[in-house]
Structures are given as structure tokens and as C-alpha cells.
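Note sheet for the following structure.
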Amino acid sequence: MKLRLILLILSLMAFVFASAGGYFYYTSFKEKAFREAESATIIRLERINKDLSHLLSEYNKPVRILAGMLELKELLRSPASDSETMNGANRILDHFKNTLQADVCYLMDNRGKTIASSNRNDPDSFVGQNFSFRPYFQRAIRGQSASYLALGTTSGKRGVYFSYPVYSYGSEYPDGIVVIKGSIEMIEREVGFTADEIVMVTDPHGIIFISNNPEWLYRAAWQISQENIGEIAASRQFGNGPWEWIGLRDAEGKYVLDSNGRKYLHHQVEMDDYPGWKINHLLDMQQISQKAFKPLVVFVRPIVLALFVVMCLSVAALYRQASLEIIQRKAAEEALRESDARYRSLYHNTPAMLHSINRKGEIVSISNYWSQTLGYGEQEVIGRMLTDFFTEESKRYAEQKVFPEFFKRGYCTDVPYQIIKKDGEIIDILLSAIGERDENGEIFRTLAILIDVTERNRAIEALRIAKEELSTYSRDLEKQVSIRTREITNILKYTPDVVYVKDRDGRYTLVNSPFEELFGVSSEEVRGKTDYEIVAKEVADEFRKNDLQVLEKGKSMQVEEQVKHNSEIHTYLSVKFPVYDEAGNVNGVCGISTDITAVKKAQDQLRRLSGRIMASQEKERTAIARELHDELGQVLTALRMDAVWMQERLKDSDARIAERASTMCDLIDKTIKDVRSIAIRLRPGVLDDLGLVDALEWLTGDFENRSGITCVFEHRNVPELNETVSTAAYRICQETLTNVARYAEAGRVSVVLIAEKGELSLSVRDDGKGFNASDLAGFEGVGIAGMRERAALAGGNLEVMSEKGRGCHVLFKVRISKDKEVSG
């Protein structure tokens, strides 16, 4: 009877404790559910804020690029221009609209009028509309970028407007602005609001502009004053109103109530980049309670059933062996607690990833280090399949090969897997495990240790890839070196030019076959020697001087060098350039010398032939001039005397014939003057009789009289000159003045003849239209070529310098004997 009473009391106590436990469990679970909901709401709100901030700023950079498009600038500069300019601007706007999937792209002038738009063909086209009242226009026309949330006054669609000023080249103030309008509906779809939440984005006055509850759009979330309603109406930002209050009001703490008294968990954050705008998140408290209650029902039902069964069994068991079992149980439980405490301490405090699974592969326990390394909490993994955390490949490998083999053998070592951490990172592990067997010898649980080998594997893989790349690069480099070596060797061997390389001290390090033939030495004999050990000292001095110039200046140069070969002096055109070491320092000189002896001889022969031809021309000109002056001049003079005689004889008897005779006299006088002028231009006698200075004095005066162009002649220190130099200078000046009269469109010409330091220089400079001197080589006429030839035959050189709009300068220089110079 006493035992029966004890059992009854124990049963009642079990029921009371179970009920109390269920109540406390439900209470704690509910509080936990509210905390988790609040934490999830904060995370969700931060995520929504980030997504909205990103989506509401994605056109910031494209609108800047659009503002720089040349077609839009051209249209703003000439809005009434031809249709091609408008078409070009429309194509740009259409391209940006389609590429960015924007609602519309349009261009506004500096008065706020839309002059081009991608929706120009739509019923709600913006073209012609004036949006100067919009803040995005007012900020952009002041030179600032702007973004603006509003309801379209023309389209009636919600949008986010991005604007940027458009400047013409060199303009300080904008000519207009470009605008890209993004769709708010598209942004709402991108954010992806869930069905169990209410999200609303409100402006500084509390007007709801974005929400997953369409009935709340353009309504006030909180009560607002009439003054604020007037400001909202004046801004035309959210249509024509009436912006009714949806009935939300603050409750205690973090909660709000709607017009029906329903309670919501409320969180609010400021929007990035939109001052005063807020994102509000509402979560229904009834839904949170339901989420907390459902797991309780599922959890309590089997517990109650289990308690009933346990109580029945306990009554029968305790009735027989209560006393003995209680004593034994206490001793066993104490030993088990000690063993379990030691095991758990070792299991959780070991700095290794440890876990246990049952025969089904479900995780039954994990160590603290396992949880810390992979990022999962114990509640997230207990009861789940171990393979749920593996990659697909590792999962197949474990289920098809490793698990069957393990449950046969009872152990496995260093099995490679890839496991997915909570943050999504995949790491490589090596798993070793041993099985625990029951009384029947069957494995019912395992103990496994995991070793993270991700970094080791990455290092091994990186080393393998580096070795492969190095091997490939080495093979390619060797191949390229072989090809380049073969090419250079062939060039050095078969080129007819002399090629050599010297160090900074002038010692040869490399020569080719023509060098060996020229100097009669082998490559081995010449290596390490200088020019002084191979050629005469005066030749070696010239070589060394040229080498030093290359080493000092660090750039290439071209010189003519002479070398005696087969008892004959040969002239070589040598191109010398610096050789650099790995540090970029000049450490030697390379030279390539081409034998131009035959060319020089041909040039000398051609120069002598040209000289004889020009001398013959001058003689012929002199003879023709003399014939014109002496023979034709005398005949014309006699003819004039006869015409005068006729005029005197007939002036009284026949006035008409006398007048004709007078006309003949005038005509004969003009002919005599022209004949003398032709004779002088062919060969001025003053050049032969009085010299170059007087000849140029006459030539410049005659040029000024005939052309009307002011011509100034100056001379200084001009000595007596030989016929070749005088003739060359005169003809060069004559040809230059002829070109000025024909092509230059000049107003003034300056001719300067000076002798200084054994050199005669003739300068002819005009202020005409000029030309590009770089184009002269391709279009050089006979006149300039003849001037160059005369200068060369006289032993001098001719330079022609000009720029467009800055006139032309012709300069002739020639060496003369110093003892012939005179003071000016």
C-alpha cells in the first residue's frame, strides 16, 4: 500500500512537472522565437538597405558617361540644327536606355525643357515638357549630380531620377542636363520582399513611396500636419494626394499598432544617400507566436505519450526492484557521470575537429573546435546527415565507397573530402575514424577526427602550376634564344657590311666575317684588342673619337670613316649605337660599316659632270647675252634712227604717217629695253665687271621694281670671290626671288650677304604664307634641286626652312679663304 501511494504520488508529480516543464519550455521557446525574429529582422533590414542603396545608385556612373556624349553636346549647342544631330542624340539615348534597362533617358536644356528623349514616340513622351521645378534639374544645372525619388508627373510611374550637367568644350556653366529614370517596380522585384513581412520606404514627411503592400503606396505612415501636406503638394513629388494616414501608431518599445489594433514588431533605419528617407520593417506578432507554438505541439505530443508509457513501466518495475535498483542506479550513475565528464572534457577541449555519427550517417555530437572551425552551431548539425555538409563529389565518394568499406572494417584513415563551411567556403580535409561496436559486434557509433589541409593542398597545387609554367616558359625561352641566335649568326655571317662590338675601353668583343677579311685577322685574334693594335694610329684616333661620342651621349650617330684596303683608301658609312647592360647602363658600342667607296666616286664624277654642265650653261648664257646686246641691240638702234628720220621728214606733209613713225619709235625703245633686260638676266655684266655685291644690289632692285614686293639687301665683310662661288650665290638668290614672286604671297623680302670666320653665308627670308618643310622632300621641284646642286658644286650646302604662315628662309653657306675677307 505504501509503495502504491508512493507510485501514485510519483505519477502526480511527473504530470505536474511535465506540465510545468511544457509551460516553461513554451515560454522560453516563445522568448527565443521573439529574439530570433528580432535578430533576423535587423539582419533582413540591413540587407534590404544595402540592396536598395545599390539599386538606387546603379545609374550614377552611367549618367556621367551619358553627359559626356558628343552627340548630346552638339544638340544642346545647336538645338535647331538638322535632323542628323537630333537622330544622333536619340540613338545615344535609346542605346543607354536599352543597355541599362532603364525606364527612360532624356536631355533637357538649361531652362528645363526636354529636347530629346528615348520615349519620344510614346503617348506619354517627355519631349517638349518642362521639368525645371524638379530638384534633380535644379541641382544639376548648378553643376552638381543629383538623384531623386518621385512619381512621374507625365507618365504617372514611380521612378528614381539620376541627373548630371552637360558642358560644352571650355564652358563654365552647363548647357543642359541628362537624366536617367530607373523603374521602382523593377527595384522592388530585385529586392524580393517576402510574404510574411511588410516593408515600406518613407520620405522625410512619412509618405510611403516603396512597399510590398500596394494599398499603402502614396499614403502617410504616420499622422502629418496640414503644413507638411502643403509642402508635399507644392513639391508634386507624389502626385495630387490626398496622402491619407494608414493608421499606424507607436506602442510600447519596438512595437506599433495598425488601425485594427494588430501589433507589429517595428524596426527602422535611415536610407544611405537619401537624407531623411527611412526603411521601415513590420513583422506581425501573431505570426511570431504561431511559429513558436507549432514546434511545441510537435515536440510535446511524443513526450506526453512517452511519459505515459514510462510511468506504466516504472510502476511495474519499481514495484519489484525499487530498492535494489535505486542503490545500483546511484552507483552506476555516479560512475557514468565521472566517465562522461572526463570524456566530454577531452572531446570538447581537444584542439581538433571531432564528431560522431550513428549507423545511418547522422551526426550525434561535435566538438567545440569542429563548431568554431566550420561556423555551425550544435543545434544546426545534430541529427543531420554528415554528407549534407560535403560537396557533391565528396558526398558520392563517401556514400558509394567509404561508408560501406568503413562499416565492414571498422576504421578508415586519411580519407580526402571537401566540406562546406557555413560562410560558403570550401575546405579540404583528411578524415580518420574508428567505430564503436555493440554487444552484437555491430558498429553503432563512430568517433572521427578531421584535419584541415586546404592551405597545404593550395600550396602543392600552386607549386605544381608554377613548375609547369616555369618549364613551359623555359622551353619557349630556349626556343626563342635559339631562333634569335641563329638569325643573328646568319646576319653577321652573310651580311656584306662590317659589324663589330666593343666594350667601354674600346676592346673588341665580337666581329663578323667581313671584318676579318677587311683587316686580315680572325675573330679569336681580334677579341680583347683595341683599334690601336690593328690599324694605324691616325685611323684608330678617329675610330676612338667617334666611339667616345656614342658612349658620352648615349645615342646613335652616323659618320664616314676611311680605311686603307688593298693599297686603296676605302670610305665606309658607319652607324654606331650604344649597347646597354641589364641595369640599363651603356657598356659598349656596336658599329655597322658599309663600304660606300664606289658611291662616293660616282658622286664625285656626277658632281664634276654637273659642274661642267653648269659652267657650259653660264658660258652659253654669256654668249647669248652678248649677242643680244651687241648684234640685236645695234640693229634695233639703227631701226630707231630710221624711224626718227621718217617722223621728221613726214610730220609736215603727212601727219598720220608721222604719228605711226612716232609709235614705232616707242615700240623700238621698249624692245631695246626688254632685250637689255633679258641679256642682263641671262648673264648680268655687273657680276663679271663689279662682283657679287653689286650684282645682288642690282638684282634686288630689279626684283622690287618688277614685282612690287619690298626687297632689302644688306652685306658685310664680303671679300673678292671666285667665279664659281659668285655665280652660285647669284643664281641661288635669283631662283629664290623668282619663287617668292610666284608662290609666297609675301610683302617683304630680306637678302643678307655676310662673310665671317672663313665662311660666306647668303640668307633670303620672306614673310609669305610658307609651307611644311617636312613635305619638301617629296615635292622638291627643279628649282630647289638646282639650287642644292649649285651649292654642292661650290663646296657649300643649302638649307630651306619654312612653316605654314611664317614665311620661308633659304640659307646658303660655303667656305672661303680667310685672307680674302675684308672689313665692312
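The values are calculated or read from the model by the stated rules, or taken from the named source; none is laboratory data. What you are looking at is a predicted structure, and each value in this text was computed from that prediction instead of being measured. Here Cβ is always computed from backbone atoms with ideal geometry, including for glycine, and neighbour counts include all displayed protein chains. These area figures cover heavy atoms from the full protein model, side chains too; ligands, DNA and RNA do not enter into them. Shrake-Rupley method; radii C 1.70, N 1.55, O 1.52, S 1.80 Å.
Considering the range 233-268 alone, what residues qualify as being in contact with a Gly (Cβ under 9 Å, 6 or more places away or on another chain) and hydroxyl-bearing (Ser, Thr, Tyr)?
Residue satisfying the conditions is Ser259 alone.
Take the residues in the range 386-429 that are of a type in the set (Ser, Thr, Tyr) and open to solvent by 70 Å² or more (accessible area, probe 1.4 Å), then tell me which one is nearest to the chain's Cα centre (by Cα).
Tyr397
Which numbered condition in (1) outside any strand (DSSP E or B); (2) open to solvent by 80 Å² or more (accessible area, probe 1.4 Å); (3) in contact (Cβ under 8 Å) with a residue 12 or more places away in the chain is the only one that Glu560 fails?
The failed condition is (1).
Restricting to the range 248-261, name every residue that is among the basic types (Lys, Arg) and either assigned to a strand (DSSP E or B) or at pLDDT 85 or above (or both).
Arg249
So the check is Cβ under 9 Å with 6+ separation or different chains; which pairs have a first residue in the range 50-77 that's part of a helix (DSSP H, G or I) and a second one that's among the basic types (Lys, Arg) and modelled with pLDDT of 85 or more?
If the second residue must be among the basic types (Lys, Arg) and modelled with pLDDT of 85 or more, the pairs left are Ala67/Lys73; Glu71/Arg91.
Quick check on my filter: what residues within the range 34-74 are more than 19 Å from Lys278 (Cα to Cα), open to solvent by less than 70 Å² (accessible area, probe 1.4 Å) and among the β-branched types (Val, Ile, Thr)?
Result: Val63, single match.
Go through the range 729-753 and count every residue that is of a type in the set (S, T, N, Q), closer than 13 Å to Gly786 by Cβ and open to solvent by 20 Å² or more (accessible area, probe 1.4 Å).
3
What number of residues in the range 91-139 are more than 25 Å from Glu172 (Cα to Cα) and surrounded by fewer than 21 Cβ atoms within 10 Å (Cβ to Cβ)?
18
Output the residues belonging to the range 767-797 that are open to solvent by less than 20 Å² (accessible area, probe 1.4 Å) and at pLDDT 90 or above.
Result: Gly768, single match.
For the range 221-238, give me the residue count where each residue is open to solvent by 20 Å² or more (accessible area, probe 1.4 Å) and part of a loop (DSSP other than H, G, I, E, B).
Counting residues in the range 221-238 that are open to solvent by 20 Å² or more (accessible area, probe 1.4 Å) and part of a loop (DSSP other than H, G, I, E, B) gives 6.
Test Tyr319 against the stated conditions and say whether it is in contact with a helix residue (DSSP H, G or I) (Cβ under 7 Å, 6 or more places away or on another chain), modelled with pLDDT under 80, part of a helix (DSSP H, G or I) and open to solvent by 80 Å² or more (accessible area, probe 1.4 Å).
The answer is yes for Tyr319.
If you scan the range 140-156, which residues turn out to be surrounded by fewer than 19 Cβ atoms within 10 Å (Cβ to Cβ), among the small types (Gly, Ala, Ser) and more than 20 Å from Met271 (Cβ to Cβ)?
Gly143, Gly152, Ser155, Gly156
If you check Leu573 against the conditions, is it closer than 14 Å to Ile592 by Cβ and either among the hydrophobic types (A, V, I, L, M, F, W, C) or within 44 Å of the chain's Cα centre (by Cα) (or both)?
yes
Can you pull out the residues in the range 340-380 that are touching a residue at least 60 places away in the same chain (Cβ under 8 Å), over 14 Å from Lys421 (Cβ atoms), open to solvent by less than 20 Å² (accessible area, probe 1.4 Å) and not aliphatic (A, V, I, L, M)?
His355, Ser356
Just to be sure, is Leu463 within 37 Å of the chain's Cα centre (by Cα), open to solvent by 70 Å² or more (accessible area, probe 1.4 Å) and over 30 Å from Lys421 (Cα atoms)?
It is false that Leu463 is within 37 Å of the chain's Cα centre (by Cα), open to solvent by 70 Å² or more (accessible area, probe 1.4 Å) and over 30 Å from Lys421 (Cα atoms).
Condition test on Ile420, is it among the aliphatic types (A, V, I, L, M) and within 22 Å of Ile434 (Cα to Cα)?
Considered against the rule, which asks whether it is among the aliphatic types (A, V, I, L, M) and within 22 Å of Ile434 (Cα to Cα), Ile420 comes out as no.
Report, ordered by the first and then the second residue, all pairs with beta carbons closer than 8 Å, sequence separation of six or more or different chains, a first member in the range 803-824 that is within 16 Å of Gly747 (Cα to Cα), and a second member that is surrounded by fewer than 13 Cβ atoms within 10 Å (Cβ to Cβ) and at pLDDT below 90.
Here the result reads Lys804/Asn772, each pair linking the range 803-824 to a residue that is surrounded by fewer than 13 Cβ atoms within 10 Å (Cβ to Cβ) and at pLDDT below 90.
Taking the range 157-206 only, how many residues are over 39 Å from the mean Cα position of the chain (by Cα), among the aliphatic types (A, V, I, L, M) and either closer than 23 Å to Gly112 by Cβ or surrounded by fewer than 17 Cβ atoms within 10 Å (Cβ to Cβ) (or both)?
1
Within the range 102-116, track down each residue that is over 19 Å from Lys61 (Cα atoms) and touching a Ser or Thr at 6+ places or on another chain (Cβ under 7 Å).
Arg111, Gly112
Counting only residues that are touching a residue at least 24 places away in the same chain (Cβ under 8 Å) and assigned to a loop (DSSP other than H, G, I, E, B), which one in the range 194-215 is nearest to Ile232 (Cα to Cα)?
Here the answer is His205.
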